[in-house]
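Values quoted throughout were computed directly from the atomic coordinates according to the rules given, and no laboratory measurement underlies them. Keep in mind the model is a prediction, meaning the values are calculated, not measured. All Cβ positions, glycine included, derive from the backbone under ideal geometry; neighbour counts span all protein chains shown.
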Amino acid sequence: MSDDDLDLSSLDDAELVEQMHEDLYDGMADEIIEGTQILLERGWGPQRVLNEALVEGMRIVGVDFRDGILFVPEVLLSANAMKGGMALLRPLLAETGVKQVGKVVIGTVKGDIHDIGKNLVAMMLEGAGFEVVDIGINIDVQAYLAALEEHQPDILGMSALLTTTMPYMKVVIDELTARGLRDRYIVLVGGAPLNEEFGAAIGADAYCRDAAVAAETAQTLIRARRDLATAV
Ligand code: B1M
């Protein structure tokens, strides 16, 4: 049977998730949207669909990209398919009814165009009650500063997926320090090549391993900052 003939709704949950991994690999956006919809209709929570069907599928794509089996054009199609599924999940992840807890400016650093992880973090932050201003990809220090000035957030979030672009986070933090602005913001960083040690070394307030950790960390640090402000 060709993929065109396959009735996704006839598959059981495990088969459907496996099929979605294949469809993500093949960059089939319509099928990913349909699969996402079916899992939601079957009562799966948006977080579970995200983790088990989409993020896991993208992990498999990443392995073959690293090993030279998949190339940029193919991975772009996979990314596009992933975004199709994420668009369906976005309102559901954001719909927690939590009242506004703070404001975040987030962007992917200069030289880096990866945005799926950043977009997920933005969604989870929205779900946790933050107002999120996503300033996009390939953001240089001037653009970060301009966005901070314009939006006056509580938190600055930076994403980097390349070992060659992650040092740019330090450029941004150093510039904030040089301008006497560093203490105004909680700075959170994340992205696959980073780790706790790197986050500490560049002077970030925290490294966030994934989107859920980013949302938790943002809530914890903003609460701590407000408690401190009321105690003074
Ligand atoms: Co790129 N790429 N890519 N790529 N790509 C990686 C990152 C790579 C690891 C692939 C590999 O070799 N296995 C490798 C980097 C190697 C390295 O530096 N160590 C790589 C490379 C080399 C490249 C190019 C240089 C390839 C080339 O041109 N030869 C090129 C660079 C382009 C550029 O940026 N200048 C390139 C291009 C691309 C595409 C355009 C094709 C596409 C991006 C499309 C898009 O984003 N719109 C792409 C993709 C899709 C990937 C992989 C396969 C998947 C990334 C992804 O979306 N993951 C990736 C392999 C991999 O990571 N396994 C790879 C899913 C996402 C949910 O996870 O982004 O890690 P992640 O985000 C997580 C956490 O990291 C964290 O939370 C997120 C959600 O849980 N997080 C944050 C992320 N940002 C955060 C910010 C925070 C907090 C947490 O702030 C508070």
Seminar exercise, completed: Log10 I(q)/I(0) at q = 0.09, 0.12, 0.16, 0.17 Å⁻¹ for the chain, from Debye over equal alpha-carbon scatterers, is -0.41, -0.69, -1.11, -1.21
Exercise. What are the trypsin sites (Lys or Arg not before Pro) within region 1-107 that DSSP puts in a loop, where the Cβ has at most 13 other Cβ atoms within 10 Å?
Worked result: Arg42, Lys99
Seminar exercise, completed: Counting only residues 5 or more apart in sequence or on a different chain, those whose built amide H sits under 5 Å from that of Gly136 are Thr108
Exercise. Out of residues 5 or more away from Val101 or on other chains, whose amide H comes under 5 Å of its own, with H placed 1.01 Å from N in the peptide plane?
Worked result: Phe130, Glu131
Problem set entry | For Val187, distant residues with modelled amide H under 5 Å away | Leu156, Asp205, Ala206
For this session: May I ask you to list, by number, the DSSP H helices of the chain whose Cα span along the axis is at least 20 Å and whose average Kyte-Doolittle hydropathy reaches -1.0 or more?
Result: 72-94, 211-231
For this session: Let me know the number of lysine pairs in the chain closer than 25 Å at the Cα, not counting same-chain pairs under 8 apart.
Result: 9
Exercise. Loop-only check: which chymotrypsin sites (Phe, Trp or Tyr not before Pro) in region 171-232 are DSSP coil with at most 14 other Cβ within 10 angstrom?
Worked result: none
